[in-house]
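Read the structure below first, then the notes.
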């Protein structure tokens, strides 16, 4: 007579394999989430740089006080500990080609766990950078001056990073 069914050993081995595979999947889930958050944030930042360029090229009209005229559009990055989870999109109102508190500012937050770890101007470090585009060309300014490259480095808690580069003519690249 044949016994049909599973032995206790076969059931325990099957359950053990299922538990092992579940633990393996769940341990990689969080790191996968952080990797994708870094990817999404870097592409969002590059997209926002291009958006600011397009706003300058199209000479987008926006209300501005005190002058009433937006002279261009830009992004502001601050890697200090309290500000490193966001950047600011601004419409420049004062004519000095850098962000001012009185400008039309929109804060854009990075995804959870992603921070601005470094900002570089022509290869040198710094804490803050303001990039700016003047219509209609758009002419590219960094902290009020032309002819500079910038790098904004985003990182996550796993130590991974993405570098967003903007060259002197405003071309955006992600590494």
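Out of the residues in segment 45-55 that are under 13 Å from the mean Cα position of the chain (by Cα) and in contact (Cβ under 8 Å) with a residue 12 or more places away in the chain, state the one that is surrounded by the fewest Cβ atoms within 10 Å (Cβ to Cβ). Spell out the reasoning first.
Filtering segment 45-55 for residues under 13 Å from the mean Cα position of the chain (by Cα) gives 45-50.
Now narrow it down to the ones that are in contact (Cβ under 8 Å) with a residue 12 or more places away in the chain: 45-46, 48-50.
Working: 45: 23, 46: 18, 48: 17, 49: 23, 50: 14.
Looking at the filtered set, the residue picked out is 50.
What is the residue count in segment 128-147 for residues that are out of contact with any helix residue (DSSP H, G or I) (no Cβ under 9 Å at 6 or more places or on another chain) and either surrounded by 18 or more Cβ atoms within 10 Å (Cβ to Cβ) or at pLDDT below 85 (or both)? Talk me through it step by step, then tell me what you get.
Step one: of segment 128-147, the residues out of contact with any helix residue (DSSP H, G or I) (no Cβ under 9 Å at 6 or more places or on another chain) are 128-130, 141-147.
From what's left, either surrounded by 18 or more Cβ atoms within 10 Å (Cβ to Cβ) or at pLDDT below 85 (or both): 129-130, 141-147.
Number of matching residues: 9.
Among (1) modelled with pLDDT of 90 or more; (2) closer than 19 Å to residue 112 by Cβ, which single condition is residue 78 missing?
For residue 78, the exception is condition (1).
Restricted to segment 95-122, and to residues that are surrounded by 15 or more Cβ atoms within 10 Å (Cβ to Cβ) and assigned to a loop (DSSP other than H, G, I, E, B), which residue is modelled with the lowest pLDDT?
103
Would you mind stating whether residue 15 is at pLDDT below 90 and either more than 30 Å from residue 159 (Cα to Cα) or within 16 Å of the chain's Cα centre (by Cα) (or both)? Spell out how you get there, then give the answer.
Values: at pLDDT below 90: no; either more than 30 Å from residue 159 (Cα to Cα) or within 16 Å of the chain's Cα centre (by Cα) (or both): yes.
So residue 15 fails the test.
It is to be established whether one or more residues within segment 26-38 are within 25 Å of the chain's Cα centre (by Cα), in a strand (DSSP E or B), surrounded by 14 or more Cβ atoms within 10 Å (Cβ to Cβ) and modelled with pLDDT of 90 or more. Talk me through it step by step, then tell me what you get.
Within segment 26-38, the subset within 25 Å of the chain's Cα centre (by Cα) is 28-38.
Next, only the ones that are in a strand (DSSP E or B) stay: none.
No, the conditions are met nowhere in segment 26-38.
The values are calculated or read from the model by the stated rules, or taken from the named source; none is laboratory data. Just so you know, these numbers come straight off a predicted model, no measurement behind them. In this analysis, Cβ positions are derived from the backbone assuming ideal geometry, glycine residues included, and neighbour counts consider all displayed protein chains.
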